[in-house]
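The structure appears below as structure tokens.
The values are calculated or read from the model by the stated rules, or taken from the named source; none is laboratory data. This is a predicted model, so every value here is computed, not measured. Neighbour counts run over all protein chains shown; Cβ positions are idealised from the backbone, glycine included. Surface areas here come from the heavy atoms of the whole protein model, side chains and all, with no ligands, DNA or RNA. Shrake-Rupley method; radii C 1.70, N 1.55, O 1.52, S 1.80 Å.
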Amino acid sequence: MIEKKLIELTGQQTQLIIELGEYAEILHWGAPIKGDLASFRMALQRPVPYGRLDTDIAMTLSPELGRGIFSSPGVEGHRAGMDWAPVFMIKEINQEDQALIIISEDTQAGLRLVTELCLDAYDVLKTRQTLTNIKNGVYQVNRLANTLPLPARANELMTYYGRWVHEFQTLRQPLLQGGYQQENRRGRTSHEHYPALVAGTTHFGELCGDVWGFHLAWSGNHRLRVDVKADGRRFMQAEVIYMPGEVSLEKDQSLTTPWLYASSSHQGLNGMSQQFHSHVRKTILPSDFANRPRPIHLNTWEGIYFEHDPEYIMAMATQAAEMGVERFIIDDGWFKGRNGDTAGLGDWFLDNGKYPNGLKPVVEHVNSLGMEFGLWFEPEMINKNSDLYRLHPEWLLALDGYQQPTGRNQYVIDLQNEEAFTYLLGRLVYFLGKYNIAYIKWDMNREVVQPGHLGKAAAYQQVERYYQLIDKVRAEHPLVEIESCAAGGGRIDFEVLKRTQRFWPSDNNDALERQSIQRGMSYFFPPEVMGSHIGASYCHSTRRRHSIEFRGLTALFGHMGIELDPVNENQEEKQGFERYIKLHKMLRPLLHNGQTWRVPSDDPAHQIHAVIAQDKSEAVVMIAQLAMPTNALSGHLRIPGLDAKALYHISVIDKPADYDEIVNYQPVWTESGCKLSGSWCDEVGLTMPILDAESAILIKFERI
């Protein structure tokens, strides 16, 4: 028996107490505890009921059937039918600051398991497992999961669902018995099953309750589950789904899980989100990211689609610059054979028919206007109606003898094929070297069906090769920024963000739909990585129409861009776009560096979103009226997070055009402004104005 000892990992608001002996068990994950922890430990000794095994069974960081843990194992596999129920014993422990590495082995099964835990200064825990085959004979891995415990009081879940143009939708459900499981087998992070969830105490909210948030940083097939054991204990698991035969380890070969990121907060969902946002800003994004304002985009897609005329595009750029745009992106349709979505993918050569003088005049014109130039690519995809496919049909990610269904008339290129990988890298590097391209919109418009390489399952390695392709592009051109787009929000996760600077949350620019999409995304991502564009009055995705005020304020709280043809747009509409571009530039330092707060409201027809400066000197608050007010009066606006002792000047800086026409009169403070203390704003608040459905108002708080 190995003598047990306790190790602490401590952040600003969070502490892990881990007991180590033969195995590792997390005893506490929550607010920091002081005192003689070793003597306090006896308070957690569990009873052993009748009708079960005769000894206490701990919930380890890799549950094992061989220990009598009748739960989803952390490791599943075999060696020609043997070594299928390993029991790991700790051999070595290494701690450095707030990071812990636990090395365990099962010498009989011939396996080593390395568990890594790291709690950062922003209270985000990350963990992963590495499995190594340490004896002769191939070990077939079926599953390798990250496991973290949850306390018994975690009896409610917030999970994600969605689809194309309706991403990041959240759902509440009880966690009382049984459990919850979601699986994604679409070959990318997916619109349907964003790899994250939140567990918490009953009715946890934005400002209240104990919560534990989890995000698996992986851009492919995955499984998340939360189990309630028969004895009431709870745990969470996150893992890659490996297809049959996909991972076989020769002696001394290893397999490592993606990082599982997790954060505990006693201050509800806002506290959890603020910890994740700080982690992203300080440890994932480049160190100089905050010092580079996020350029306002104009993307040509909804303006011209596949109709590319260089003279017209340069006229668009001229007017875009006049409107205040800072980065001009040519989307799909610029390369050979690409006159629609049925042909051309894979042929990454400029269409000389559309661009008889090359791309250089367009790029130079854009740059001469003071804007950066960006270009759209979809490197992983191929149309059968392309020169590339006619030359290399064997480059498809597919199984011989089967006919895959198409997605957007296209197929996937096998990135494990070295020739295909080298070709794609070469074409990307060619364009980045030939033209002054500051930005790539990297798209992926179909799901992965039957991913085969040389007849074997290859979904896991396809994702790894995608990472390697981006890494090699960035090594050649480290200053080029990349947006991750996958038919909208189909590839959004922390692992992609380590290689990119921006996400496209959805192909849907409808302001009403974007309110829920952007809110769902905000639980894990700060606004500066969330692409949010003002679309046309008539939304191409939903066929709805919204005012420029509602569209502008909705797009304000992200990395702003616009989708329109400025040459063909009427002057009044263009002036509206210009107004919100100027407003975003004015507020950008606050929006992209401040603390995000999702503010509860008295009426579910409202959605209130705030960003408060880190020093609490200023704040901006949007009240979005999603539907008709439930009652004749709309309750009170209460803003948490301000300096309780300070006095703030409060004023409306943007409102609907018909704001004063829909009531006899609105609250006086919305017209003349007022001065209130931070504590009043938090505890008492301001009377809410009355708004029409699908409209919004923007309020500024400035410390006096």
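The residue list Ser541, Ser516 contains one member that is of a type in the set (Gly, Ala, Ser), in a helix (DSSP H, G or I) and either surrounded by 24 or more Cβ atoms within 10 Å (Cβ to Cβ) or in contact (Cβ under 8 Å) with a residue 12 or more places away in the chain (or both), which is Ser516.
Residue selection: Arg465 satisfies the criterion of being among the charged types (D, E, K, R), farther than 20 Å from Pro295 by Cβ and assigned to a helix (DSSP H, G or I). I'm trying to understand the selection: among the residues of the stretch 425-455, which are closer than 21 Å to Asp414 by Cβ, open to solvent by less than 10 Å² (accessible area, probe 1.4 Å) and part of a strand (DSSP E or B)? Those that are closer than 21 Å to Asp414 by Cβ, open to solvent by less than 10 Å² (accessible area, probe 1.4 Å) and part of a strand (DSSP E or B): Trp442, Gly452.
Against the conditions (1) at pLDDT 95 or above; (2) open to solvent by less than 10 Å² (accessible area, probe 1.4 Å); (3) under 19 Å from Glu563 (Cβ atoms); (4) not β-branched (Val, Ile, Thr), Leu497 satisfies every one except (3). Remark: pairs (first residue in the stretch 640-665, of a type in the set (S, T, N, Q); second residue open to solvent by less than 30 Å² (accessible area, probe 1.4 Å); Cβ separation under 6 Å; 6+ apart in sequence or on different chains) = Ser651/Gly673; Ser651/Lys700.
Screening Glu569 with (1) assigned to a loop (DSSP other than H, G, I, E, B); (2) farther than 25 Å from Ala487 by Cα; (3) open to solvent by less than 10 Å² (accessible area, probe 1.4 Å) gives one miss only, at (3).
If you go through the stretch 402-422 and keep only what is surrounded by fewer than 13 Cβ atoms within 10 Å (Cβ to Cβ) and under 14 Å from Pro451 (Cα atoms), you end up with Tyr402, Gln403, Pro405. Determine whether the stretch 276-292 contains at least one residue that is farther than 21 Å from Glu481 by Cβ and in contact (Cβ under 8 Å) with a residue 24 or more places away in the chain. Yes. Residues that are among the acidic types (Asp, Glu) and touching a Pro at 6+ places or on another chain (Cβ under 7 Å) within the stretch 57-88 comprise just one, Glu64. The single residue among Leu391, Leu399 that is open to solvent by 50 Å² or more (accessible area, probe 1.4 Å) and over 28 Å from Tyr312 (Cα atoms) turns out to be Leu391.
Consider only pairs whose beta carbons are under 6 Å apart and that are at least six residues apart or on different chains; among these, list those whose first residue lies in the stretch 615-634 and is part of a loop (DSSP other than H, G, I, E, B) and whose second residue is basic (Lys, Arg) and crowded, with 16+ Cβ neighbours inside 10 Å. Every condition considered, the pairs that remain are Ser617/Arg703. Of the strands (runs of 3 or more DSSP E) lying entirely inside the stretch 256-350, those carrying at least 3 residues that are crowded, with 21+ Cβ neighbours inside 10 Å and of a type in the set (Ser, Thr, Tyr) are 260-265.
Among residues belonging to the stretch 1-37 that are open to solvent by less than 40 Å² (accessible area, probe 1.4 Å) and farther than 27 Å from Leu113 by Cα, point out the one that is modelled with the lowest pLDDT. Ranking the candidates gives Leu37 first. If we keep just the residues of the stretch 65-77 that are assigned to a loop (DSSP other than H, G, I, E, B) and without any contact (Cβ under 8 Å) to a residue 40 or more places away in the chain, which is surrounded by the fewest Cβ atoms within 10 Å (Cβ to Cβ)? Here the answer is Gly68.
Applying the set (1) touching a Leu at 6+ places or on another chain (Cβ under 9 Å); (2) surrounded by fewer than 23 Cβ atoms within 10 Å (Cβ to Cβ); (3) of a type in the set (S, T, N, Q); (4) within 30 Å of Pro86 (Cβ to Cβ) to Asn142 leaves exactly one unmet item: (1). If we scan the stretch 688-701, do we find a residue that is open to solvent by 10 Å² or more (accessible area, probe 1.4 Å), more than 30 Å from Met272 (Cβ to Cβ) and among the acidic types (Asp, Glu)? Within the stretch 688-701 (the criterion being open to solvent by 10 Å² or more (accessible area, probe 1.4 Å), more than 30 Å from Met272 (Cβ to Cβ) and among the acidic types (Asp, Glu)), the answer is yes, since at least one residue qualifies. Taking the stretch 98-113 as the range and being outside any strand (DSSP E or B) and not aliphatic (A, V, I, L, M) as the test, the residues that pass are Gln98, Thr107, Gln108, Gly110. From the list Val114, Val87, Val165, Val141, the one residue that fits, being on the phi > 0 side of the Ramachandran plot and aliphatic (A, V, I, L, M), is Val165. Restricted to the stretch 456-476, and to residues that are open to solvent by 50 Å² or more (accessible area, probe 1.4 Å), touching a residue at least 40 places away in the same chain (Cβ under 8 Å) and of a type in the set (D, E, K, R), which residue is nearest to Gly433 (Cα to Cα)? Per the criteria, the residue is Glu476. When the criteria are applied in full, Gly51 meets the requirement of being open to solvent by 40 Å² or more (accessible area, probe 1.4 Å), out of contact with any His (no Cβ under 8 Å at 6 or more places or on another chain) and more than 25 Å from Asn146 (Cβ to Cβ). With the structure loaded, tell me whether Phe40 is out of contact with any strand residue (DSSP E or B) (no Cβ under 6 Å at 6 or more places or on another chain), open to solvent by 80 Å² or more (accessible area, probe 1.4 Å) and under 30 Å from Val138 (Cβ atoms) or whether it fails that test. So Phe40 fails the test. Considering the stretch 590-614, the residues that are open to solvent by 60 Å² or more (accessible area, probe 1.4 Å) and touching a residue at least 40 places away in the same chain (Cβ under 8 Å) include one that is farthest from Arg327 (Cα to Cα), namely Asp602.
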